[in-house]
Amino acid sequence: MSSGVNSETVERRRRRLLDEYDGVHVQDITREFDDEEAYRDLREKAREGYTGSGYAWVVREPDQVAPLTESMPEEVDDGRTVLMILGRGGTDWGVPGGGREDGETYEEATRREVREETSVECELTGLFLLRDLTLTPPGGSAGEADRPPIHTLWAFFDADYAGGHITIQPGELNGAAWFGEPPEGMYPENVYRATDFWDDYEYDGDPFADFYGNDSDDTEE
């Protein structure tokens, strides 16, 4: 890994996660900022300890669903469901989660963010995707003293529902819901996980390339 802001921290946390979890899909991506102000804002945030975010694909089993009220029809099918969120201003459903705070593991950050965004408690069971994303300043001038590359790490966990009922964080979300089948519009991380989770769900193409562009080096570890 090249030098830059948080390079050693990201590498250490990456090694720890890959040592603890098997079968992880790893993406190594380098992307250039197209906005100077956005680059500077993230550079300062990273220098203060920000390294990325953790997210969870939370699954609720049928026996964990709240009992139906008397007004509900008895034939309601409560199968396995997945928790998804709709961000403010967004049109695609994603997985809940958010930024790691100083001193947290990625697991601790993920559980906290899921709770804060949706009021749902979860227990992490695996790691299905790890994105090692290096961001460089506009103009290809990374490496200068005041324009280093910024290293970040994004962890996507599998999780089991452990309690709580959905109450969204309105400052960040327009909605959250349990899905028994995939919704029409999803972020590529959801698409990737959904293809294994739902037997009858297929995606024609590469969801990451279609959404983010084909600039990643993908491996399985």
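We did not get these values from a lab; they are worked out from the coordinates using the rules stated. Keep in mind the model is a prediction, meaning the values are calculated, not measured. No Cβ is skipped: glycine too gets one built from the backbone with ideal geometry, and neighbour counts run over all protein chains shown.
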Practice item. May I ask you to derive the relative contact order of the stretch 158-220, considering only C-alpha pairs under 8 Å and at least 6 residues apart, and to give it as an integer percent? Key: 20 percent
Revision key, fill the gap. Note, the stretch 176-187: 3J(HN,Hα) by Karplus (6.51, -1.76, 1.60, θ = phi - 60°), whole Hz, Gly/Pro = x, goes 8, 7, 8, 10, x, 8, x, x, 5, x, 9, 5
**Study point:** Charge dipole of the stretch 22-134 about the Cα centre (unit charges at C-beta), most positive-ward option of GLY98, GLY49, SER119
**Key:** GLY49
Exercise for review: Treating only the Cβ atoms of Lys and Arg (+1) and Asp and Glu (-1) as charged, compute the dipole magnitude of the stretch 3-63 about its Cα centre; round to the nearest 20 debye.
Suggested key: 260 debye
Review point. How large is the dipole of the chain about the Cα centre if only Lys and Arg carry +1 and Asp and Glu carry -1, each at its Cβ, rounded to the nearest 20 debye?
Key: 980 debye
Revision key, fill the gap. When THR30, THR81 are arranged by how many other beta-carbons sit within 10 Å of their Cβ, fewest first, they go THR30, THR81
Practice item. Quote the convex hull volume per residue of the stretch 119-221, based on C-alpha atoms, as a whole number of Å³. Key: 179 Å³
Review point. Taking Cα atoms, how many degrees apart are the long axis of helix 106-118 and the longest axis of the chain, rounded to 10 and kept between 0 and 90?
Key: 50 degrees
Point to revise | Distance (nanometres) between label positions extended 7 Å along Cα→Cβ at ASP206 and GLU37 | key: 3.4 nm
Practice item. State, as an integer percentage, the relative contact order of the stretch 94-221 based on alpha-carbon contacts under 8 Å between residues 6 or more apart. Key: 22 percent
Revision key, fill the gap. Expressed as a whole-number percentage, the relative contact order of the chain with C-alpha contacts under 8 angstrom and at least six residues apart is 31 percent
Study note, to complete from the structure: For the stretch 1-45, one quarter of the surface area of the C-alpha convex hull, expressed in nm², comes to 4.0 nm²
**Study point:** For the chain, with +1 on Lys and Arg beta carbons and -1 on Asp and Glu, the positive-most of TYR192, VAL58, PHE156 along the dipole
**Key:** PHE156
Study note, to complete from the structure: If amide H atoms are modeled at 1.01 Å from N in the peptide plane, then the residues at a separation of 5 or more from TRP57, or on another chain, having amide H under 5 Å from its own are PHE157, ASP158, ALA159
**Study point:** Charged-residue dipole, Cβ positions (Lys, Arg, Asp, Glu), the stretch 79-134 about Cα centre, Debye nearest 20
**Key:** 280 debye
Study note, to complete from the structure: Per GNM of the chain with C-alpha springs under 10 angstrom, the most fluctuating residue out of GLY180, GLY87, GLY139 is GLY139
